[in-house]
Amino acid sequence: MPSDLIVRLTAPNGRQYDQPTGLFINNEWVASSDGGKITSINPSNEQDIIAVHAATTQDVDLAVRAAHQALRHPSWASLAASDRGKLLYRLAQLVDDHRETLATIETWDNGKPYSASLGEDMVEVSETLRYYAGFADKNFGQVIETTADKFAYTVREPVGVCGQIIPWNYPLAMAAWKLGPALACGNTVVLKPAEQTPLSILFFANLVAEAGFPAGVVNIVNGLGSVAGAALAEHPLVAKIAFTGSTATARAIMRSASGTLKNMTLETGGKSPLVVFDDADVELAAEWAHAGIMSNQGQICTATSRVLVQRGVYDAFLEAFKARVRDISRVGDPFDEATFQGPQVTRAQMERVLAYVDVGVKEGATLEMGGRERLVVGGQQKGFYVQPAVFTNVTPQMRVFQEEVFGPFVVLAAFESEDEVVALANDSQYGLGSAVFTRDLTRAHRVARRIEAGMVWINSSNDSDWRVPFGGVKQSGIGRELGEAGLAAYSTIKAIHVNMRSKL
Ligand code: ADP
């Protein structure tokens, strides 16, 4: 193997490890066919971490063919379902064994606080794999009553080669959400990490081989969206695309995939409302509202970025919320234990947040907290840091009420009645998450039913769980991930009719 395909690195926290930099095809590391690379950058100081190989269209074709062969190879196709589950359990254990290295890489490449990488993301990765491991031998068909002359039943079969396109906000967790159900159902995979954050997924690839998955079952090709992602979405041997990312990119992927009518799950953008009624526990609402938009640098598709507060508690809520931002949202080095908010993932994202602060100010909203300039951390003029931004006096006509910012950026508006807030909450092209704070049981459930969203949190926000379905309506996506519902996207139903008569 060429020596530059695995490189020994020392992370900012002193941890040393071997970083793969190639394309993972057939359980082996290979260079890209044109030698092209993309450099991963540390968002907290803008220094290069390492250059990793970027797949060409030809490389993606190689990976898809490997996955297509593996789909039919007896080592995978004839493996007992329970044994598929055991491979996933083993992979989950390997993630746990290497969680400190994986969390280090995630923080270095993405900028999220190490405490969150280790205590949240890596837990989600191994637990999601474990959850789906248990389903591997529980994908049941049905026996269907028809007539005495017919015995009819269904079996669940894998969809085929699955192309999985991963975002940069939760790199390894989003990979686990997609790999778990795909592998439990017996599919094979070509996974493309986001080109901004491929490093943790490349390290994880070695664990896939170590767990014992046959060659070609999981292939990982880093590369540009417009090249490697598009090649995957267009490839005739890819049966399904699972995508998490922006709504605009999802549209492009649907177009590319239309040529061969691919099966598809899309998890896209959001502008999720969080509603606080007069009878709510205001402190509790402020705590969750803060976590719901400021966690992960605000880079969460389900972030509750529109906070709608009933007039009677508006002032009290605003004070409690601003106090949370002041006291909790400490911006700084992601390897510092005291840090709540690290840098945005890239310069483009930092500039996007700052541009939206300008938009809000120009539209006449009130900037209660936050700044129009990047934030200087530790005296260095480097790093993609911004202050958390809080806007009030926001109206539904404003772009900052309607458009997804994808940063630590929240807008607040007041309302009078339940009907008014339901209309405000639903005044969006998106329908991903939503939250309702009230102590009135019947109102909680009534409003939950009236909100147009894939998920409603009552008296919390963004406490998603791998055992519960996740996904959106409207422009927020198609299909569901996680929970038992997440399996539906990864198997097809075959109906088998048995004639029981001896004469026609
Ligand atoms: P962002 O705009 O913040 O980078 P995207 O939604 O474009 O977010 O990216 C999510 C994932 O989609 C990444 O892995 C990216 O490489 C990939 N991607 C981007 N453009 C395309 C495309 N045209 N076809 C397929 N995948 C794409």
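The values are calculated or read from the model by the stated rules, or taken from the named source; none is laboratory data. These figures come from a predicted structure and were not determined experimentally. Cβ placement follows ideal geometry from the backbone for every residue including glycine, while neighbour counts extend to all protein chains displayed.
Each residue in region 71-101 was checked for being within 29 Å of residue 115 (Cα to Cα) and either of a type in the set (D, E, K, R) or at pLDDT below 95 (or both), and 5 of them qualify. Evaluated against (1) farther than 30 Å from residue 380 by Cβ; (2) of a type in the set (Phe, Trp, Tyr); (3) touching a Ser or Thr at 6+ places or on another chain (Cβ under 9 Å), residue 89 falls short on exactly one condition, (3). Among the residues of this structure, residue 233 does not count as one that is at pLDDT 95 or above and under 21 Å from residue 6 (Cβ atoms).
The rows are residues; the columns are (1) within 20 Å of residue 476 (Cβ to Cβ); (2) small (Gly, Ala, Ser).
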residue	(1), (2)
237	no, no
243	yes, no
270	yes, yes
301	yes, no
304	yes, no
313	no, no
335	no, no
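Checked across region 422-430, the condition of being at pLDDT 95 or above, under 23 Å from residue 316 (Cβ atoms) and part of a strand (DSSP E or B) holds for no residue.
Pairing residues of region 153-169 that are within 30 Å of residue 345 (Cβ to Cβ) with residues that are near the ligand (Cβ under 9 Å from one of its atoms) and of a type in the set (D, E, K, R), at Cβ distances under 9 Å and at least 6 apart in sequence or on separate chains, gives 163/192; 164/192; 165/192; 166/192; 168/195. Look at (1) in contact with a strand residue (DSSP E or B) (Cβ under 8 Å, 6 or more places away or on another chain); (2) at pLDDT 95 or above and you find that residue 1 fails only one, number (2).
Is it true that residue 175 is surrounded by 24 or more Cβ atoms within 10 Å (Cβ to Cβ), under 17 Å from the mean Cα position of the chain (by Cα) and under 30 Å from residue 497 (Cβ atoms)?
Against the criterion (surrounded by 24 or more Cβ atoms within 10 Å (Cβ to Cβ), under 17 Å from the mean Cα position of the chain (by Cα) and under 30 Å from residue 497 (Cβ atoms)), residue 175 does not qualify.
Residues in region 245-285 that are more than 19 Å from residue 164 (Cβ to Cβ) and of a type in the set (Val, Ile, Thr): 275, 276, 282.
Residues are listed down the side, and each one gets a yes or a no for (1) in a helix (DSSP H, G or I); (2) within 16 Å of the ligand (Cβ to nearest atom); (3) in contact with a Gly (Cβ under 9 Å, 6 or more places away or on another chain); (4) touching a residue at least 60 places away in the same chain (Cβ under 8 Å):
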| residue | (1), (2), (3), (4) |
| --- | --- |
| 313 | yes, no, no, no |
| 324 | yes, no, no, no |
| 338 | no, no, yes, no |
| 343 | no, yes, yes, yes |
| 349 | yes, yes, yes, no |
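Let me spell it out: the conditions are (1) modelled with pLDDT of 95 or more; (2) surrounded by fewer than 21 Cβ atoms within 10 Å (Cβ to Cβ); (3) farther than 29 Å from residue 118 by Cβ, and residue 360 meets all of them except one. Which number is the exception? The number of the failed condition is (2).
Of all the residues in region 431-444, those that are more than 19 Å from residue 473 (Cα to Cα) and outside any loop (DSSP other than H, G, I, E, B) number 5. Within region 466-492, residues that are free of Cβ contacts under 8 Å to residues at least 24 places away in the same chain reach partners that are surrounded by fewer than 20 Cβ atoms within 10 Å (Cβ to Cβ) and of a type in the set (Gly, Ala, Ser) with beta carbons closer than 6 Å, at six or more positions or on different chains, in the pairs 468/483; 469/483; 469/485. The requirement of being surrounded by 22 or more Cβ atoms within 10 Å (Cβ to Cβ), assigned to a loop (DSSP other than H, G, I, E, B), touching a strand residue (DSSP E or B) at 6+ places or on another chain (Cβ under 6 Å) and modelled with pLDDT of 95 or more is satisfied by residue 55.
Tell me, please, whether a residue that is of a type in the set (Val, Ile, Thr), in a helix (DSSP H, G or I) and away from the ligand (no atom under 16 Å from the Cβ) can be found in region 299-311. No, there is no match, as no residue in region 299-311 is of a type in the set (Val, Ile, Thr), in a helix (DSSP H, G or I) and away from the ligand (no atom under 16 Å from the Cβ). Residues in region 363-405 that are aromatic (Phe, Trp, Tyr) and farther than 26 Å from residue 420 by Cα were compared, and the one that is surrounded by the most Cβ atoms within 10 Å (Cβ to Cβ) is 384. Just a yes or no: is a residue in region 459-470 in a helix (DSSP H, G or I) and under 15 Å from residue 293 (Cβ atoms)? Scanning region 459-470 turns up no residue that is in a helix (DSSP H, G or I) and under 15 Å from residue 293 (Cβ atoms).
Would you check if there is a residue in region 146-169 being assigned to a helix (DSSP H, G or I) and either within 16 Å of the ligand (Cβ to nearest atom) or surrounded by fewer than 17 Cβ atoms within 10 Å (Cβ to Cβ) (or both)?
Checked against the condition, which is being assigned to a helix (DSSP H, G or I) and either within 16 Å of the ligand (Cβ to nearest atom) or surrounded by fewer than 17 Cβ atoms within 10 Å (Cβ to Cβ) (or both), region 146-169 yields no hits at all.
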